[in-house]
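The structure appears right after this line, and notes come after that.
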Amino acid sequence: MADTARLPYGFHLLAKPAGAICNLDCKYCFFLSKEELYAGGSFRMSDEVLDAYIRNLLEAQPTQEVVVAWQGGEPTLMGLEFFERSIACVERHRRPDQQVSHTIQTNGTRLDDAWCDFFTKHRFLVGLSVDGPQAMHDAYRVNKGGAGTFEQVMRGWELLRAHGVEVNILCTVHAANAGHPVEVYRYFRDELYAGFMQFIPIVERSTTEDLPTVNLGWSRRAGARRPLYTQSGTRVTERSVRAEQYGRFLMAIFDEWVRRDVGRVFVQAFDVALGSWLGRHNLCIVSPTCGNALALEHNGDLYACDHYVEPAYRLGNILEQPLAKMVASDQQLRFGQDKLDTLPQYCRSCEVLFACYGECPRNRFIETPNGEPGLNYLCAGYRLFFTHIAEPMSVMANLLRQGRHAAEVMVWAAERDKAQYARTGRNDPCPCGSGRKFKRCHGRDASVTTGIAP
Ligand code: SF4
Ligand code: SF4
């Protein structure tokens, strides 16, 4: 019997109806290699598995609000009829008090009016993978022939927009776009009119021996600039984002957002950070423990996490045992607890621990300065980012505690800018972070006192 008292409250499940199969061949996609796990298989979720999945999910969820989440590979390869059957399953198994919402993550290249009508009718939240303007997107998001996919994705985006579908832009951060944070953000906000966006760092460990050693971050302690971490044996691919670069990417976008977009553009990393400042952990990667975001393969196999679809992390199959039993199993609870138990001492004394918690264990493969293993590859970036946003985050958290709106932080940011500009010399770097001299940026006109765009 499942010990439902041990079920994580409102756990998440990502179902992959077509397994790792995709019509594209994005260079950084970690799912493509997962095809090998089910080599020779059909990579199509059967109606039997679909029904068992939906029934189990609705039975096991202790909450009234349940999300049915689809991803891949490319889930639209299953065809629209499959998703119509999924809606019928939900209606068949839903408790009267349950409200079910639907999400799907897609590369957008196969969408047409029929898909978009369906999404509108059933109020799907569609996650669309876009990595920025065309050159940045096409750097790695390519089709099987190696050609960029930007134009196909934009056709999908136009259809979604024309049908009024709610879209969340999912942007991976890598070597081709990490140096252009504001350009990427403005592109999503101003060209794609995105109200929701997520930035996911690409971190690929490399087994190639001749790759150059990667600089993971720098310390300025005592005024000296020196590498922050032991580099031995740590290798990532060239297209991976560098730790410090990722931190600066988020910082630059935050600086633009906090001045003009709070309350109208939702960036997952900022929302999650605000939760941490309020003492809530809204995403597994920044929580002390994890294990409540599982993955279901096309054949009904359940895995501890989408990033651990590997034999050692297989919990069982939903055709053979109840979902609740596997989610609340000792194996899964241990998986989640390990996130905390394996945290290095270095993290335990970190001033931004409450906002980071060592991030995701999959990225914990470097050493701390004193040689302890298990530090997160992105640590240098997270330290920079969380330190940089600490003051405005505290302001927003206090506003919310007083029952006021977080968007009032923009008034605070404008006042802070005004004070900073008043202290800045004409030949100093502009405090807005543009890299230009103050006199050629916000100091160009003495009347300019606020706003990021000079
Ligand atoms: S392993 Fe990482 S992505 Fe998976 S549940 Fe834990 S923190 Fe989340
Ligand atoms: S910022 Fe670095 S040291 Fe601090 S909790 Fe995160 S990974 Fe650990």
Inset, instruction - Quote to one decimal, in nm, the extra length available between residue 333 and residue 278 on full extension: 0.36 nm per residue of separation minus the C-alpha distance between them. - result: 17.3 nm
Inset, instruction - Starting from the Cα of residue 27, draw a straight line to each of the aspartates and glutamates and keep only those under 18 Å, dropping any in the same chain fewer than 8 residues away. - result: 35, 36, 74, 131, 138, 151, 204, 238
Legend entry - FRET efficiency estimate (nearest 0.05) - Cβ-Cβ, residue 25 to residue 238, R0 25 angstrom: 0.90
Inset, instruction - Give me the distance in nm between label points sitting 7 Å out from Cα along the Cα-to-Cβ direction at residue 121 and residue 161, one decimal. - result: 2.5
Inset, instruction - Sequence neighbours fewer than 8 away in the same chain don't count; with that in mind, list the lysines whose C-alpha is under 24 Å from residue 418. - result: 437, 439
Inset, instruction - Name all residues of the range 280-294 having a backbone nitrogen under 20 Å from the label point set 7 Å from the Cα of residue 401 along its Cα→Cβ direction, giving them as ranges. - result: 280-282
Inset, instruction - Determine the percent antiparallel among the DSSP beta bridges restricted to the chain, to the nearest 5. - result: 30
Legend entry - Centre separation in Å (Cα based) which lies between the range 50-88 and the range 376-434: 41
Legend entry - Of 16/325; 121/325; 16/121; 16/144, pairs whose Cα-Cα distance is over 24 Å: 121/325
Legend entry - Span-like helix ranges in the chain, DSSP H, alpha carbon extent 24 angstrom or more, Kyte mean at least 1.0: none
Inset, instruction - Rounding to the nearest 20 debye, state how big the charge dipole of the chain is about its Cα centre with +1 on each Lys and Arg Cβ and -1 on each Asp and Glu Cβ. - result: 1880
Inset, instruction - Compute the FRET efficiency between residue 182 and residue 362 as 1/(1 + (r/R0)^6), taking r as their Cβ-Cβ distance and R0 = 30 Å, and round to the nearest 0.05. - result: 0.60
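Read the figures in this text as sums done on the coordinates, not as results from a lab. Here the structure is a predicted model, which is why all the values come from computation and not from measurement. Neighbour counts run over all protein chains shown; Cβ positions are idealised from the backbone, glycine included.
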